[in-house]
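Notes follow the structure.
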């Protein structure tokens with residue numbers, strides 16, 4: 001079994017759905033703190049309806065979104081190392097939620113959703129790593145034109 005991640009930056013809703021189907025995803029787990037988007041089809045309610053119309057489930061787990069103070073600090077200073085450190089610290093306080101997500105991921109083929117196209121520059125890679133550490137699932141990243149399979153060690157090197 002594996003867990004997927006996906007970002008919708010640069011995709012329209014049809015491309016997004018095609019990527020999900022390529023990965024044989026059953027459930028999209030939205031880990032944006034605020035599941036809103038100016039991009040048509042990617043706000044919570046509209047996205048849920050489109051996914052359901054395509055036979056896919058939708059869950060929103062607000063506790064796995066990046067907290068606003070951490071996002072704001074990153075916008076201010078652009079310090080990715082600090083962002084990672086602060087988000088990982090926050091994530092350790094969400095062990096029960098990570099365990100819940102791990103159960104979901106073991107029961108269905110799910111994809112963690114956020115905005116950024118590059119999983120290496122998004123908190124979803126850290127959430128996926130936490131799930132992998134919790135239950136051993138392989139992490140796969142759905143991206144336009146490619147399916148990336150990576151390990152935490154590869155991401156650690158890429159994010160260092």
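Can you tell me, using C-alpha contacts under 8 Å and at least 6 residues apart, the relative contact order of the chain as a whole percent?
38 percent
Kindly put 27, 5, 92 in sequence by how many other C-beta atoms sit within 10 Å of each C-beta, fewest to most.
Numbers: 27 18, 5 27, 92 10.
Fewest to most other Cβ atoms nearby, the residues stand as 92, 27, 5.
Of the DSSP beta bridges with both residues in the chain, give the percent that are antiparallel, rounding to the nearest 5.
Of those bridges, close to 25 percent are antiparallel.
Since every read-out is calculated from the coordinates, none of them should be taken as a lab result. All of these numbers come straight from a predicted model, not from anything done at the bench. Virtual Cβ from ideal backbone geometry, glycine too; neighbours counted across all protein chains shown.
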